[in-house]
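What follows draws every value from the coordinates through simple rules; no lab data is involved. Bear in mind that the values here come from a model prediction, so they are computed numbers and not experimental data. FYI the Cβ positions are ideal-geometry reconstructions off the backbone, even for glycines, and counts take in every protein chain you see.
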Amino acid sequence: MAFPVDTDAISHGIQLAVAPVFLLTAVSGMIGTVASRLARIIDRARIVEARIATAPEGEPQQAAWRELSELRKRGLLANGAIALLTLCGFMIGLTIIVLFLGETIEWQILRIAVASFLAGVGCFLLALVCFLAETLMATRLLNFARPPLAPLSKPEA
C-alpha cells in the first residue's frame, strides 16, 4: 500500500509529535530519581535485616521490625511510582505515534491521541503523588536531634 507523500503534512506531523517528547524527558528523569531512592531503601532494608539476624537471642527487635515495615511501604510506593512512570512513558509514546500517523496518513484517530496523552499525564501525576508520599514517609522516620530548649527566664523588674 503506497502512501501519498505530502511534505507539509509530514513536517506538521513531526511538529505535533515532538511536543510530547519533552514530557518523556521529565518521565525519564523521574524514573532515575525514584529508582535511586528505591535502591537506597533496599540497601537500608538489607542493613536492618542483617542487624536482626545477628542480634543476640532475647534482645528486643521491635524497632528494627517497625523500620522494616516502613521500608517495605516506602518500597511499594517507589515501585508504584516507577510502574506509573513507565506506563506514562508508554502512553506518551503512543500519543506521539498516533499524532504523527493521524497527520500524515489522514486517519481519524486523533481522539486516541487525546485519550493517551491525558492517560499519560494522569499516570505522571499519580506517580508524583506516590513520590511525595514516599518522601514524607522517609522524613517522618528521621529523628532530628534537637538540643533541649533553655527555660525562659522571667525578666527582672
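Points worth noting:
- The Val129 and Val21 beta-carbon pair, evaluated with R₀ = 35 Å, returns a calculated FRET efficiency of approximately 0.90.
- Per DSSP, loop GluC sites (Glu not before Pro) in the stretch 25-128 with at most 12 further Cβ within 10 Å: Glu57, Glu106
- Sequentially through the stretch 120-130, phi angles give Karplus couplings (6.51, -1.76, 1.60; θ = phi - 60°) of x, 5, x, 4, 4, 5, 5, 5, 5, 5, 4 Hz, Gly and Pro residues having no value and appearing as x.
- When peptides 42-48, 128-134 are sorted by average Cβ neighbour count within 10 Å, with the highest value leading, the order is 128-134, 42-48.
- Binned Cα-Cα distances of the stretch 7-140, short to long, each 5 Å bin given as a whole percent: 2, 11, 16, 15, 11, 10, 9, 7, 6, 5, 3, 2, 2, 1, 0, 0
- Leading residue at positive end of dipole, the stretch 7-140 (Cβ point charges), from Thr104, Thr135, Phe90: Thr135
- Sorting 72-83, 26-37 by average packing, meaning the other beta carbons within 10 Å per residue, from highest down gives 72-83, 26-37.
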